[in-house]
Structures are given as structure tokens and as C-alpha cells.
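Asks: Structure in C-alpha cells, see below.
Here, each number is a calculation from the coordinates, and none is a lab measurement. Predicted model only: the values in this text are computed from it and were never measured. When we count neighbours, we look across all protein chains shown, and the Cβ atoms used for this are built from the backbone with ideal geometry, even at glycine.
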Amino acid sequence: MSANIQLKIAVQLYNQPVLDSTGFMLRERRKVLGITSRQLAKRLGVDKALILRAELSKTVLDMPMFERICSELDIAPSSVIDDEYRFVHEGYKTAIGFLVSKLGKRQLLAALNLKDAPTLKRWQTGKTIPTLEQKRALQALYNNAL
């Protein structure tokens, strides 16, 4: 996957209501299969609102429900979680690398209100993640740098 595509995916994920891409991935899988949220809810015997809240990351699914949804969508729960980690991790890494090359490390640190470069390194290695405000700042910086 090219760095530009990874970055576009990361930017798409930054726009999610909560910083969780699991719901985004479940929704995309449901759409690929041509299943409506109402149909999925009916198959699972749950309210459509639960499916919508889960897809928008406005609720946390318990593991049994998450596994049932994954089963209906014919995907392994571990693949969704692994994909989420990979997209988010690679997205941060790609976005930060791109912005450092365009703006320089000092300007990027200042724009994100960071005091030290190790924070960027921790984001790139997945040891910590940016706050919602920092993710939005990364997205805005990326959009302006294009």
C-alpha cells in the first residue's frame, strides 16, 4: 500500500466521531457485502440503533456481540482488530513522516503544541497515540501541506 493511500486512510479515520476505526471497518465490510444496517440487525436479533452506534463508534460492543457481528460479516474478529492497529499505526507514522519532510520537525512540534520530539517518536512506534485535538491538528496540517 502506497504511503499516500495510507495517509488518506489515516485522514479518513481521524474524521471518525471517536478515534476507533473498528466501527468504520465493520460498516465498510457490511457495505461491501450489500447488507443494510437494518438487515444486519435483524439477522442478529438486535435493534438497528445498536448497529448504527457501533459503526459510528458511539458505543463499545462487548466481545460476544462483536464476535457475532464479525461472524455475520464473515470476517475474523482478530483481523478487524489487527487491521485497525495497522491502519492507525501506519497512518500516524506516514502522516508524521510526511509532515516532518514538508514542515520540519521544529515547526511540526510547534504546530502540535508539543514540547519534545520523543512524543512524535512514541506516536510513530505506537507506544502512545495523539489526542483527538492532536489528530485533528495533524489532519489540518496535512491538508494545508498538500
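Asks: Calculate the dipole size of the range 17-77 relative to its Cα centre from +1 charges on Lys and Arg beta carbons and -1 charges on Asp and Glu beta carbons; express the result in debye to the nearest 20.
Replies: For this selection, approximately 300 debye.
Asks: Towards the positive end of the charge dipole of the range 17-77, with charges on Cβ (+1 Lys, Arg; -1 Asp, Glu), say which of 35, 70, 22 has the farthest Cα.
Replies: 35
Asks: Follow-up question, since we're still on this one. In Å, the Kirkwood hydrodynamic radius of the range 17-77 over pairs of distinct alpha carbons?
Replies: Taking the inverse mean of 1/r over all distinct Cα pairs, the range 17-77 comes out at 11.3 Å.
Asks: Follow-up. Cβ under 11 Å from residue 42's Cβ, residue 42 left aside: what net charge do those residues give with Lys, Arg +1 and Asp, Glu -1?
Replies: Here the count lands on +1.
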